[in-house]
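Comments concern the structure below.
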Amino acid sequence: NLTLANALGVQLRLVEKALVRMDEGTYGTCEVCTEPIETERLNILPMTNHCIAHA
């Protein structure tokens, strides 16, 4: 199914970006305001790159 493949591709890219942020030391930091992303948000959406205010 092409739709499923596309969705999985998007998820894979998000995981890869999160791994890069971990390597750079910026994982868990909002890309907009540079404030820490809430732990609860990261627990629910570990690949997020924005705090709740900038989601």
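None of the figures in this text is laboratory data; all of them are computed from the coordinates on show. Here the structure is a predicted model, which means the values were calculated and not measured. Every residue, glycine among them, receives a Cβ derived from its backbone with ideal geometry; neighbour counts consider all protein chains shown.
Just the residues that are within 19 Å of residue 11 (Cα to Cα) and either touching a Leu at 6+ places or on another chain (Cβ under 9 Å) or not polar (S, T, N, Q) (or both), please, taken from the stretch 31-54.
Listed by number, the residues that qualify are 31, 41, 42, 44, 45, 46, 47, 48, 49, 50, 51.
Select from the stretch 2-38 the residues that are part of a helix (DSSP H, G or I), of a type in the set (Gly, Ala, Ser) and surrounded by fewer than 11 Cβ atoms within 10 Å (Cβ to Cβ) and list them in ascending order.
Correct list: 5, 9.
Of all residues in the stretch 1-28, count the ones that are at negative phi and within 10 Å of the chain's Cα centre (by Cα).
The total comes to 10.
Could you give every pair whose Cβ atoms fall below 8 Å, whose first residue belongs to the stretch 39-54 and is free of Cβ contacts under 8 Å to residues at least 40 places away in the same chain, and whose second residue is among the charged types (D, E, K, R) and not in a helix (DSSP H, G or I), counting only separations of at least 6 or pairs across chains?
49/31; 50/31; 51/35; 51/38; 52/38; 54/31
State which residue pairs qualify: first residue under 16 Å from residue 45 (Cβ atoms) and inside the stretch 18-30, second residue charged (D, E, K, R) in any location, beta carbons under 9 Å apart, and separation of 6 or more residues or different chains.
Matching pairs, first to second residue: 21/31; 27/21; 28/21; 29/21; 29/35.
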